[in-house]
Amino acid sequence: MRILFLHGWHSIVGGVKPTYLIDHGHQVTNPALDDDDFSLAVQSAQEAYSHSRPEVIVGSSRGGSVAMNMESSDTPLVLLCPAWKNWGPARRVKSTTVILHSRRDDVIPFEDSVELITASGLPQESLIEVGTDHRLAEPEPLAAMLAACEAWDKPSGF
């Protein structure tokens, strides 16, 4: 599966999460996103999207907001603790979105994701509570991210 992975603010390309997806057999495009200029980050993500034509977009924290603010047609989104209130104008997500978030996140409140799925008219099952912190880099959230991506590869979708 082709996956576009959009990293968080001050995160690095090739971190734990995209590497986990690669180690599980997926082709991952992981562009460097500008930390200072949000519109430039969205532009870089849009170019990577156009070039790689991913089957799923994963956005982590600020990368989740980048994913929400780019034109991605019907490509499913897997958002990890999305920082949508901190960056960009988008205030809703499309129906092909799943959010993974830890209730113990001390960077982006879990309630922000509850608010986002409610505003978007998504079912409660679209928000998966997992992990013990904002990073979601432990085995359980990594496996949940992989499962959420792979669920979109099935004919019936998530």
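The values are calculated or read from the model by the stated rules, or taken from the named source; none is laboratory data. Fair warning: this is a prediction, and the values are worked out from it, not measured in the lab. Heads up, the Cβs are rebuilt from the backbone with ideal geometry, glycines too, and the neighbour counts pull from every protein chain shown.
Scanning region 30-41 for residues that are in a loop (DSSP other than H, G, I, E, B) and either within 19 Å of Val93 (Cβ to Cβ) or not polar (S, T, N, Q) (or both) yields Pro31, Ala32, Leu33, Asp34, Asp35, Asp36, Asp37. With respect to being modelled with pLDDT of 95 or more, under 24 Å from Ser39 (Cα atoms) and of a type outside the set (Val, Ile, Thr), Leu100 falls outside the description. Taking the conditions (1) closer than 23 Å to Ala151 by Cβ; (2) part of a loop (DSSP other than H, G, I, E, B); (3) more than 13 Å from the chain's Cα centre (by Cα) in turn, Met70 satisfies each one other than (3). Contact map, region 34-52: first residue more than 17 Å from Met68 (Cβ to Cβ), second residue surrounded by 15 or more Cβ atoms within 10 Å (Cβ to Cβ) and among the hydroxyl-bearing types (Ser, Thr, Tyr), Cβ cut-off under 8 Å, separation 6 or more or different chains; pairs are His51/Thr29; Ser52/Thr29. Contact map, region 3-17: first residue among the acidic types (Asp, Glu), second residue at pLDDT 80 or above and surrounded by fewer than 24 Cβ atoms within 10 Å (Cβ to Cβ), Cβ cut-off under 8 Å, separation 6 or more or different chains; the map is empty. Scanning region 42-67 for residues that are part of a loop (DSSP other than H, G, I, E, B) and within 22 Å of Glu115 (Cα to Cα) yields a single hit, Ser61.
Going through (1) at pLDDT below 95; (2) within 14 Å of the chain's Cα centre (by Cα); (3) among the hydroxyl-bearing types (Ser, Thr, Tyr) one by one, Ser156 falls short only on (2). One residue alone among Val56, Val93 is touching a helix residue (DSSP H, G or I) at 6+ places or on another chain (Cβ under 9 Å) and touching a residue at least 40 places away in the same chain (Cβ under 8 Å), and that residue is Val56. Of all residues in region 89-112, those satisfying the criterion of being surrounded by fewer than 21 Cβ atoms within 10 Å (Cβ to Cβ) and either of a type in the set (Gly, Ala, Ser) or in a strand (DSSP E or B) (or both) are Ala90, Ser95. Annotation: Thr132 fulfils all but one of (1) more than 21 Å from Gly15 (Cβ to Cβ); (2) touching a Lys or Arg at 6+ places or on another chain (Cβ under 7 Å); the unmet one is (1). Here is the figure for region 1-29: residues that are part of a strand (DSSP E or B) and touching a Leu at 6+ places or on another chain (Cβ under 7 Å) total 5. So which residues in region 75-88 are assigned to a loop (DSSP other than H, G, I, E, B) and hydrophobic (A, V, I, L, M, F, W, C), if there are any at all? The answer is Cys81, Ala83, Trp84, Trp87. All of Ile117, Ile128 fail the test of being crowded, with 16+ Cβ neighbours inside 10 Å, modelled with pLDDT of 95 or more, part of a helix (DSSP H, G or I) and among the β-branched types (Val, Ile, Thr), apart from Ile117.
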